[in-house]
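Laboratory data are not the source of any read-out in this text; all were calculated from the coordinates shown. All figures in this text were calculated on a predicted structure; none of them were measured in a lab. Glycine gets a Cβ as well: all are built from the backbone with ideal geometry, and neighbour counts include every protein chain shown.
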Amino acid sequence: MNRVEGRVKVTGLATYAAEYPVEGVAHAYPVQSLIAKGRVARVDASQALDMPGVLGVLSVEDPPQLAPDADGELALFQSRDVAYRGQLIAAAVADTYENARAAADAVRVEYEPADHDVGLRADHPGLYRPEVVNPNYPADTEHGDVEAGLAEAATTVDVTYTTPVLHNNPMEPHAAVALWDAEGRLLVYNSTQGASPDRDTIAGTLGLPPSRVRVVARHVGGGFGCKGSTRPHAVLAALASRAVGRPVKVVLTRQQMFDVTGYRTPTIQRLRLGADAEGRLTALEHVAYEQSSTLVEFAEQTATPARTMYAAPALRTAHRLVRLDVATPSWMRAPGECPGMYALESALDELACAAGIDPVELRVRNEPETEPESGLPFSSRNLVACLREGARRFGWDRRDPEPGVRREGEWLVGTGVAASTYPARRRPSQAVATVRNGDFLIQVAAADIGTGARTVLTRIAAETLGVAPDRVHVELGDSDLPDAPVAGGSMGTASWGSAVVRACEELMKNGKEGRADTTDEVATDAELARHAFGAQFAEVRVSAVTGEVRVPRLLGVFAAGRILDAGLARSQFIGGMTMGLGMALMEETLTDEEFGGFLRRDLAQYHVPACADVADVEAVWLEEEDDALNPMGNKGIGEIGIVGTAAAIGNAVHHATGRRIRDLPITPAKILAPSP
Amino acid sequence: MDITLQVNGLPRTVDVDPRMSLLDLLRERLGLIGSKKGCDHGQCGACTVLVDGRRANSCLALAVAMDGSEITTVEGLANGDELHPLQAAFIEHDAFQCGYCTPGQLCSAAGMLGEPGPSAVTPDVLVDPDLTPEEIRERMSGNLCRCGAYVNIVSAIAEVAR
């Protein structure tokens, strides 16, 4: 079936956060810090307040009342301390966008700057081991003796990979419209990946009970993680509206999104691998160095996939974090797995080359019986089948392993492979199913950020009820609906779908209404290693003249439980792979060492893949039965598509050129740089 | 100052702030929310509309400069209830996910189909090329899609171009 909301999206009628018609809406425009560390000595709003249409200026000179325990990134105008360049330190509110923006420009700020430190490096004296890494994993694990394993190995690899700051850059900028009613209840139209958790965070930040806040997000223009937690624009809209007594709209500019809506931490990752003469791992060590801000600890779980992927008698993973004068990193599509698997799967390719073993075969030989770190059985694991099927479809058996020997004119040609993985989890959710006018109404505060949630929940309900999908109507994107978790961690469909199935089952029993809350059901899920797996294959052409890398072919083969909607699934997979292509070849935000903050804060300088960059991207999947997941038998597919793509492309670049570039993105300058 | 322009076939007279872009005029004053603001700098194409039949980034056009122009937005592509062939093809090919770049993709494709002449990837610049997937990809590269629906966007447009 086609997307339920397809027609409103192609006719321009779908309403995103900034687009609700609200009578008398005013506009707020933020003022951002120009220093990376120090204090705001004085905010002079006198000139701004005299400008046409200006309704007010918010700043630390008159701190708005917030909960004392508000998150550091959301506690707007509470402190004179500046934590990073670009932080919101004031805002102008006016009758029109143009007037608000002009007034914000006229706000004068005096600073007391201090020396800042924004550079991540593996020998930073401030590095420490966090208590846990996201969401709640141990920072370090160690089984066996890595040094002994390396000492006895026939082949070893000791390599360091680095990845830059990456920005999610959904097409819809973060926006919020806030309205307070006469009873002091707050309504926020917000671009968020989760109406229920966003309501809770906004209420908590403002010191209100959740029942006094409603969040509506019927259509969301992408998120990829950066709308998964409440961002400061929503709090600003609420505060500005409270201050001026009118509804207020805040729409961040693309540049402001780079500053205050989160990003993927840069990483430095050291991989030490050892293998015996047959290519069986004797040791695997993965150490990741990452950054967070001085405001909030965000510890990305970069080395955790090494705990799942391969059998190794000696296995050590570790995370080290340093708190810098930077914005807080946040979630970006497959946080942890994406950068971590880039480094692990690149290093494994290096091991295959060093050992003279085919990289598909090397991975097959290191297939574990149970999850290596936990020892838990897998609920299902079909990585080997994905590798074999991908190799067959891609024509891998015709591959000459020799790097740098295939040339067509100026173009060097190569192919590469990498594995992918992502956890298959679910969280408690509520849902209600009722009969309305002979059809069925499903209500759940889920979010459709482009994943197709409305459509897949319609299918899940229709299948459970045994009716045609056009008799099912799904309402989502509103915190007044039954509570639901965020669209994140590839858990949306598994979490919301479980509740929808249970609600529909109850409705069928009583014929009128079903109310479900899966809290108890999820709590009793057996302890198992639940993960989706996949294999990615890439063909690249590298210009020996310009260093340009083209990707004529990308193939992903995935094993992700039961695929609930083939069309939506394919779109999700190839969308993730396309973002992975961007990570491999072009995406990079620079940190401004001199002044703090980021450089390349727009889409002309931060390059995401354009249409001409994307040729043949195909995704297929294996039938996988797994009854230990949830009532639908599915594993989440929103993120696994990006996992491994960059490694497959990097490995193909090595195969094409003989050059191993261990620092993303793989730009022409790095391709053409003289060998060290 | 007052300007008069045709928007989706209807004459509109509006008093505009000289700093206002055509995009903000459409979205904030005329209630036509279909044209999207993705970057406000002409870098993403989400705001693409047809100005006198040619595709243009409405965020880069000042509203005051549009006096007397004919504007077509995504809301004006369909013929009543009957979708434009591109709109129908985008649904059939699942050529969007979040939908935020979609209005710009559609207006851009509608304009592109009427543009003769070679592009940067045309082998012989003296011969009008067929709209091969490679030509479509080149000509549609001013419209970013972060969900990564390009493969489906190209197949949808190719079907209509046939």
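Roughly what angle does helix A:645-657 make with the longest principal axis of chain A, taking Cα atoms, 0 to 90 degrees, to the nearest 10? Taking Cα atoms only, the helix is inclined about 40 degrees.
How would you order B:34-42, A:199-207 from highest to lowest mean count of nearby Cβ atoms within 10 Å? Numbers along the way, then the final one.
Values: B:34-42: 23.8, A:199-207: 21.4.
Per-residue Cβ counts within 10 Å, averaged per peptide and sorted highest first, yield B:34-42, A:199-207.
Remark: the range A:420-429, residue by residue, has Karplus-estimated 3J(HN,Hα) of 9, 7, 7, x, 10, 10, 8, 10, x, 8 Hz, where x stands for each Gly or Pro and the curve is 6.51 cos²θ - 1.76 cosθ + 1.60 at θ = phi - 60°. Mean sequence separation of contacting Cα pairs (under 8 Å, at least six apart), scaled by the length of the range A:590-676, corresponds to a relative contact order of 9 percent.
Between residue A:385 and residue A:67, the distance separating the two model label sites (each 7 Å from Cα on the Cα→Cβ line) works out to 4.6 nm. Counting only other chain Cβ atoms within 10 Å of each residue's Cβ, the peptide A:448-457 averages 2. The H on the amide N of residue A:267, modeled in the peptide plane, is under 5 Å from the matching H of A:163, each at least 5 residues off or on a different chain. With a cut-off of 14 Å between beta carbons, the residues surrounding residue A:294 carry a summed charge of -3, where Lys and Arg count +1 and Asp and Glu -1. Across the range A:149-239, the volume of the C-alpha convex hull divided among the residues equals 161 Å³ per residue.
Per the Cα gyration tensor, chain B maps to an equivalent ellipsoid with semi-axes of 27, 17, 15 Å, ordered largest to smallest.
Quickly rank A:370-377, A:480-487 as a protection proxy: mean count of other C-beta atoms within 10 Å, highest first.
The most tightly packed comes first, giving A:480-487, A:370-377.
Taking only the C-alpha atoms of the range B:93-162, the Rg (one decimal) and the largest Cα-Cα distance, Dmax (whole number), read 12.0, 39 Å. Between the alpha-carbon centres of the range A:490-521 and the range A:169-231 there is a gap of 25 Å. Computed over chain A, relative contact order equals 16 percent, with contacts defined as Cα pairs under 8 Å that lie 6+ residues apart.
Each listed q (0.14, 0.15, 0.27, 0.28 Å⁻¹) maps to a log10 I(q)/I(0) for the range A:507-570 from the Debye sum over equal C-alpha point scatterers, namely -0.78, -0.83, -1.11, -1.13. Principal-axis analysis of the Cα atoms of chain A puts helix A:195-206 at an angle of about 60° to the longest axis.
Across peptide B:38-46, the average count of Cβ atoms from other chains found within 10 Å of a residue's Cβ is 6. Pairs of C-alpha atoms in the protein assembly as shown farther apart than 50 Å represent 15 percent of all such pairs.
Here the contact order of chain B, divided by its residue count and restricted to Cα pairs under 8 Å and six or more residues apart, works out to 23 percent. Beyond 19 Å in Cα-Cα separation lie the following of the pairs A:227/B:37; A:9/A:249; A:9/B:37; A:9/A:635: A:9/A:249; A:9/A:635. Around residue A:425, what is the net charge, scoring Lys/Arg as +1 and Asp/Glu as -1 over all other residues with Cβ under 11 Å from its Cβ? Charge balance in the 11 Å sphere: +3. Loop-resident GluC sites (Glu not before Pro) (DSSP state other than H, G, I, E or B) in the range A:266-360 with no more than 13 further Cβ atoms inside 10 Å of their Cβ: A:278. Relative to the longest principal axis of the Cα atoms of chain A, helix A:383-394 runs at roughly 80 degrees. Remark on the range B:2-76: Rg and Dmax equal 10.8, 29 Å (Cα only).
The translational diffusion coefficient of the range A:199-261, from Stokes-Einstein at 10 °C and 1.306 mPa s with a Kirkwood hydrodynamic radius over alpha carbon pairs, comes to 124 µm²/s. Amide H contacts of residue A:280: none lie under 5 Å away among residues 5 or more positions distant or on a separate chain (H built 1.01 Å from N in the peptide plane; Pro and chain starts excluded). For the segment B:136-147, counting C-beta atoms of other chains within 10 Å of every residue's C-beta and taking the mean gives 6. Most tightly packed first, judged by the mean number of other beta-carbon atoms within 10 Å of their residues, the peptides A:413-423, A:583-593 read A:413-423, A:583-593.
Where the centre of each part is set by its Cα atoms, how far does the range A:336-408 sit from the range A:1-75, in angstrom? Cα centres, the range A:336-408 to the range A:1-75: 47 Å. Approximating the spin labels as points 7 Å out from Cα along Cα→Cβ, the residue B:6-to-residue A:505 distance works out to 6.1 nm. Let's test the formula: R0 of 25 Å, r as the Cβ-Cβ distance of residue B:13 and residue B:52. What FRET efficiency results, to the nearest 0.05? After rounding, the FRET efficiency stands at 0.85. The modelled label-to-label distance for the pair residue A:81/residue A:1, using points 7 Å beyond Cα in the direction of Cβ, is 5.2 nm. The 3J(HN,Hα) values that the Karplus relation (6.51, -1.76, 1.60; θ = phi - 60°) gives for the range B:26-33 are, in residue order, 5, 7, 8, 10, 9, x, 8, 7 Hz. Gly and Pro appear as x. Using only side-chain charges placed at the Cβ, +1 for Lys and Arg and -1 for Asp and Glu, the dipole size of the range B:2-76 relative to its Cα centre rounds to 280 debye. Which net charge results for the neighbourhood of residue B:1, defined as the other residues with beta-carbon distances under 10 angstrom from its beta-carbon, given Lys and Arg at +1 and Asp and Glu at -1? Around residue B:1, the surrounding residues sum to -4. Annotation: amide H-H contacts under 5 Å for residue A:213 (H modelled 1.01 Å from N, sequence separation of 5 or more, or interchain): A:186. The phi-based Karplus calculation (6.51 cos²θ - 1.76 cosθ + 1.60; θ = phi - 60°) puts the 3J(HN,Hα) values of the range B:43-52 at 9, 10, x, 5, 9, 4, 10, 9, 10, 6 Hz, whole numbers, x for Gly and Pro.
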